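Each reported figure results from applying straightforward, stated rules to the coordinates on display, with no laboratory input. Everything numeric in this text was worked out from a predicted model, so none of it was measured. Neighbour counts run over all protein chains shown; Cβ positions are idealised from the backbone, glycine included.
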4 protein chains.
Amino acid sequence: MLKVAIVGASGYTGVELIRLLLNHPQVEITCVTSRQNAGASIDSVFPSLAGRIDLTFDPVDVDTIIRKSDFVFTALPHKAAMAVVPAFLHAGKKVVDLSADYRLHDVDVYEAWYDKHTSPELLDEAVYGLPELYRQQVVDARLVANPGCYPTSIALGLAPLLENNLIDAASLIIDSKSGTSGAGRSAKVGSLYCEVNEGFKAYGVASHRHTPEIEQTLGQLAGKPVQVSFTPHLLPVNRGILSTCYASLVQPMDTAQLQQLYAQRYAGEIFVRVHPQGELPNILHVRGSNYCNIGVVSDKRTGRVIIVSVIDNLLKGAASQAVQNMNLMQAWSEDSGLSDLPLYP
Amino acid sequence: MLKVAIVGASGYTGVELIRLLLNHPQVEITCVTSRQNAGASIDSVFPSLAGRIDLTFDPVDVDTIIRKSDFVFTALPHKAAMAVVPAFLHAGKKVVDLSADYRLHDVDVYEAWYDKHTSPELLDEAVYGLPELYRQQVVDARLVANPGCYPTSIALGLAPLLENNLIDAASLIIDSKSGTSGAGRSAKVGSLYCEVNEGFKAYGVASHRHTPEIEQTLGQLAGKPVQVSFTPHLLPVNRGILSTCYASLVQPMDTAQLQQLYAQRYAGEIFVRVHPQGELPNILHVRGSNYCNIGVVSDKRTGRVIIVSVIDNLLKGAASQAVQNMNLMQAWSEDSGLSDLPLYP
Amino acid sequence: MLKVAIVGASGYTGVELIRLLLNHPQVEITCVTSRQNAGASIDSVFPSLAGRIDLTFDPVDVDTIIRKSDFVFTALPHKAAMAVVPAFLHAGKKVVDLSADYRLHDVDVYEAWYDKHTSPELLDEAVYGLPELYRQQVVDARLVANPGCYPTSIALGLAPLLENNLIDAASLIIDSKSGTSGAGRSAKVGSLYCEVNEGFKAYGVASHRHTPEIEQTLGQLAGKPVQVSFTPHLLPVNRGILSTCYASLVQPMDTAQLQQLYAQRYAGEIFVRVHPQGELPNILHVRGSNYCNIGVVSDKRTGRVIIVSVIDNLLKGAASQAVQNMNLMQAWSEDSGLSDLPLYP
Amino acid sequence: MLKVAIVGASGYTGVELIRLLLNHPQVEITCVTSRQNAGASIDSVFPSLAGRIDLTFDPVDVDTIIRKSDFVFTALPHKAAMAVVPAFLHAGKKVVDLSADYRLHDVDVYEAWYDKHTSPELLDEAVYGLPELYRQQVVDARLVANPGCYPTSIALGLAPLLENNLIDAASLIIDSKSGTSGAGRSAKVGSLYCEVNEGFKAYGVASHRHTPEIEQTLGQLAGKPVQVSFTPHLLPVNRGILSTCYASLVQPMDTAQLQQLYAQRYAGEIFVRVHPQGELPNILHVRGSNYCNIGVVSDKRTGRVIIVSVIDNLLKGAASQAVQNMNLMQAWSEDSGLSDLPLYP
């Protein structure tokens, strides 16, 4: 059994990592840290886990984590992650980092959108952990930067078009909608039930920090720089992201052709499901699972393609994709511990 | 007191019309019809109205409606509306029709998206009842075609840009999200609580019937034909539409300039509220009211403008806009009976 | 126009008071205070009110409030209310206090469940503002203690039984469920969307502070001390309280008899609606209104009566009941400014 | 691998059975029937299952089911179940029936609350499948009547008190609240999103068909007939039941004593979790799992005990309890295929 640490587990991504790893057949959770809950039993903070875990939260102490574990998931805010990740690598651990700190390859871009980077030397080595696009690199990695939730839904949704140069990349418009767990578990008025329920809004228009990450991946797929308009919205649901992507086709293709392209591209992927022609995805049909569902429509009138992709933002958008990356890094079956079907309804 | 009939009042738009008109100071509801509920007391079907209305539902009988009322709201499905509206006009009644039957001026377009039209001779006369764009025509009208919910949010959101030729109309992409009351009150599996709650999906992609209505109004504003990509989505809330509209600016404008343009355009409009720069609308802030709130952002990186507009789909998107039109047709104060503030939270 | 102050208006009750009073024909809002938002424009904090109010939040300064207004609503936490209410009375203002500070007549009971009372001399004078039970006292009052939300739903639900000695008061069990706005607008993890949505729980079992208030009113109705089991629960909705009350009948009565008793008791009350036999209330049918809806069932098998009553916790449970009390204190029509019908759906 | 049939799988319980059994290590689903969806692929009706099941829905043909399977789950409405269950038993299959048809031992009680029974001879043999109370009988059974959702939450909540004669059974009052999936997947106006969302109501007061089932189990636990007041309510959530049970203690016990009693009673039960003193359960903490969580409070003032128990109505209240029963009938590990932790948030 691989000894695993989860560093920074007081949020929704952390509790999901615990949940998944408790049922993973090749893993033992040996260390779970939380600054704010240090000393408390995990099940007193997360009663859903009662009866299945006996640990208490450790403080975030690098030496303890290194001593107790061989594989580390860091689920910390940006900045906090890069403060500890280099030490884990130096101690010979493998790391999947769920923050934004190692996702961008260009330190200038990172520093323009986030903060001063304290371990830029790792940016070249870090592998962007989207297995459907970078599987072999993940297999070989010491440090995987687990993708953001929005970028995951978008990159999987657009890869077949960009890989085949079928769209005008300059025309890309991405309208995304996320469940409220994406806003985290900290107490803010804007995240209160009565502020979110029966509401819906856009936020971070033309300024969201996932933009450079999206553009980096789409640019790699296109083989040239890509700029997109990206608008996130806040959905009154706990989980789920739906991204609606618009682009101009460089030559006419009908829906059947596009659907076939997608079906072929993802034929070997166990976690990507392409809808039959005429069906479109719903976040309710991936909730609780590692799936990404994709539907595609050609709009003949305007010459555009419309792609709709959905994931569970806490799972394929965070925790279960991190486990998928661990499976690859450990040369285990890619779906080990990830067989959960969506919880519907 | 004006004697008013509501024809087809077993759905959510109908019950909203009743609610609004019960508190309207210049109106008396004298006839409410429903095929399926004929003979039942209104408050047995809609307990929210108990204690405030003593009527029973009449069957949909044209002669009775004509005898009992001087002003008619038709809240029927398309086809059913055009089967009765001409008779009301012929009897000298004024009509606000909430169906799609008289919204499109071109009979060929109507018949391409809907059905054979049975009173095409009225299409020229019918006034599209968006007071902020066509106020004087509404004042003079016998027959007002009350706009669709999506088109209302979109036309108000884009009018200042199109009127001033500030965007490339061919670049318009409209991503809209509607509350579930827009799907009506008929029993369908897809509208069940467990199918909608915690879900989110697109539907009618590149094929929704509101598309020609949207394009008609935007084309009039632009002074030339306009084609748009329009994608509606189903939100897990009872009420509200949010439309996110994307277009390429023909010349650079920053957010402050755009905000000022909108603020000036709508300065005299009591039911349109333009957000200050940096603030964006939320459907929760218009729920239960006749307001349309609009926020605007310039995306310098891509040269696009992003407009976000919100309405209550049952009110400014249907029932209260119908009352606003009646007020204009009767030469009453435009906000008579429409002073409700949004119900937040 | 009566000059009215709302003291402590940064919460959900406060914004509801503003909303109602803006549409009240005999009132002008002249002062709105908030410690945390002092200096901010009201519509920047509550965008739903934009275009209808130009005031900024004042700090909570007693002299300013006295100078600006003739009638004061205090919507402060307990303790904070009794720190300012005596000064308002001393300056000759009438006060409706929405806190718990003046609801309990017995200072010992107050201090056992809350804190040291700093103006116990007012407890005798303060009138418990449930108009359907204490109308004449409210008319004559300088200081009205506006009832709690749970106690309002319960007292109206049980009054006809207790007034007529039809139940064994010792058998009373009250199971109440409240929407989340009852938990207020402060940032707490337990009130986050993701913690409340798709959840449901009991809280404060056998220890909720509304218990003595409930028992005081029920005791007055019964003419002797009453002790109840009271269990509140947290509902995943924004608004609404439903109380299910159980008691043993002292002699058999069937549902028809009970329904008739209730219908007669509340025949003259414009804000209490008794359901016909066989129908039961739903919080959705009172949302946004000052109504209390009540349904009643006799359970022959067990000899018990089951009463179900619903209100909007922010309105009949707080803000609109406060306005109803003001109307009585000012000798205005009791429903002045309170004609809103429920917002359904 | 055991060949398993699911008879009547077009509802929420059916799709949950499929989901669970697809991940069960000792089971192969060989037949899934649905009258209304016969001939359709399962994943076209339930897209959440796409990629994991290749079957199409069979019509409900007894011979086919017998030929294809060795173990049968019947998830049919009452009456439809007893029309087919005897044939399965006669053919030597084991059956877990999820309908109400074999839950009541007394045919007169069944016929008073439901319909004429067509196989009363099986009522003696059928075992009530609540493993925590009747484990050995389940192990030995050919036919298990899977308990109702409400009765499961209530029986587990009250067993320790009744087994030890600690309460006055005549005082029992049970106030239950269920998620909307309990109302099924058929198209009814009352189950529409807009009718349920933001609403809450009681239904079936003093007349719900689960009452005799509850009383049968509680009576067995008490060793004498028991009559209860049972009030179900409809919660605006997809899943979850919370039952709040009230009873008078026959002798004083404090919360600590009661909590200890419960902890001991359920110490060996893997699917029952008793909360520590001072904590109460939330349906969100069992969602998606087979757990029943229980909290207990002594109300000294009134001499009552208040028990709060929660389950997922589709799982411990239906599908996963059915799998737990199958595991026992097959002499497998009781939690085989049931290791899912709750999906929070």
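Longest exposed-loop-site-free stretch of chain D, with trypsin sites (Lys or Arg not before Pro), DSSP loop and at most 16 other Cβ within 10 Å? Intermediate values should be presented prior to the final figure.
On the way: sites that count: D:Arg35, D:Lys79, D:Lys116, D:Arg142, D:Lys188, D:Arg209, D:Lys300, D:Arg301.
In short, D:210-299.
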*Fully extended, how many nm does the chain gain between D:Asn164 and D:Ala83 (0.36 nm per residue separation, minus their Cα-Cα distance)?*
25.2 nm
*Amide H neighbours of B:Ser176 under 5 Å, at least 5 residues apart or on other chains, H built in the peptide plane: list them.*
B:Thr231, B:His233, B:Thr244
*Gap in Å between the Cα centre of the stretch B:191-240 and the Cα centre of the stretch C:214-230?*
55
*In order through the stretch A:7-15: 3J(HN,Hα) via Karplus (6.51 cos²θ - 1.76 cosθ + 1.60), integer Hz, x for Gly, Pro*: 9, x, 10, 9, x, 5, 5, x, 5
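List nothing, just return the count: lysine pairs in chain B, 8 or more apart or interchain, with Cα separation under 16 Å.
Details: B:Lys3/B:Lys68; B:Lys3/B:Lys93; B:Lys3/B:Lys94; B:Lys68/B:Lys93; B:Lys68/B:Lys94; B:Lys79/B:Lys116; B:Lys177/B:Lys201; B:Lys177/B:Lys316.
Within chain B, the lysine pair count is 8.
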*To the nearest 500 deg cm²/dmol, what mean residue ellipticity at 222 nm is calculated for chain A from DSSP H runs of n ≥ 4 alone, each contributing -39,500 (n - 2.57), summed and divided by the residues?*
-8000 deg cm²/dmol
_Farthest positive-ward along the stretch B:150-311 dipole, Cα basis, beta-carbon charges - from B:Tyr150, B:Pro276, B:Gln216_ = B:Tyr150
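Once you list every other residue whose beta carbon is under 15 Å from the beta carbon of D:Thr64, what net charge do they have if Lys and Arg are +1 and Asp and Glu are -1? Display every interim value, and only then the final one.
Values: positive: D:Lys3, D:Arg35, D:Arg67, D:Lys68, D:Lys93; negative: D:Asp58, D:Asp61, D:Asp63, D:Asp70.
Computed value for this residue: +1.
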*Can you list the HN-Hα couplings for the stretch A:19-33, worked out from phi with the Karplus curve (6.51, -1.76, 1.60; θ = phi - 60°), rounded to whole Hz and with x for Gly and Pro?*
4, 5, 6, 4, 9, 7, x, 10, 10, 10, 7, 10, 7, 10, 10
_Global form of the stretch B:137-195, assessed from the alpha-carbon gyration tensor, a/c cut-off 1.5_ = oblate
_Gyration tensor verdict on the protein assembly as shown (Cα atoms; rounded if a/c is under 1.5, prolate if a/b is larger than b/c, oblate otherwise)_ = rounded
*How many percent of Cα pairs in chain A exceed 39 Å?*
11
*asked:* Give me the net charge for the shell around A:Ile154: Cβ to Cβ below 11 angstrom, other residues only, Lys and Arg +1, Asp and Glu -1.
replied: -3
*With θ set to phi - 60° and the Karplus curve 6.51 cos²θ - 1.76 cosθ + 1.60, what are the ³J(HN,Hα) couplings of the stretch C:56-65 in order, to the nearest whole Hz, using x for Gly and Pro?*
10, 5, 8, x, 7, 10, 4, 5, 4, 4
*Rg and Dmax of the stretch B:150-311, Cα atoms only, in Å*: 15.9, 49
*Could you work out how far apart the two model spin labels at A:Val189 and C:Gln251 are, taking each label as a point 7 Å from the Cα in the direction of the beta carbon, and quote it in nm?*
5.7
*Cα centroid of the stretch C:53-77 to Cα centroid of the stretch B:85-101, whole Å*: 51
*About the Cα centre of chain D, what is the dipole size in debye to 20, counting +1 per Lys and Arg Cβ and -1 per Asp and Glu Cβ, all else neutral?*
480
_Taking the Cα centre as origin and putting +1 on Lys and Arg beta-carbons and -1 on Asp and Glu beta-carbons, what dipole magnitude results for the stretch A:150-311, to the nearest 20 debye?_
280
*asked:* Quick check: Cα centre of the stretch A:23-52 to Cα centre of the stretch C:262-279, how many Å?
replied: 53
*Please get the size of the charge dipole for the protein assembly as shown, origin at its Cα centre, with Cβ charges of +1 on Lys and Arg and -1 on Asp and Glu, quoted in debye to the nearest 20.*
0
*Would you work out if the stretch B:1-101 is rounded, prolate or oblate? Take a ≥ b ≥ c from the square roots of the eigenvalues of the alpha-carbon gyration tensor; rounded if a/c is under 1.5, else prolate when a/b is larger than b/c, oblate otherwise.*
prolate
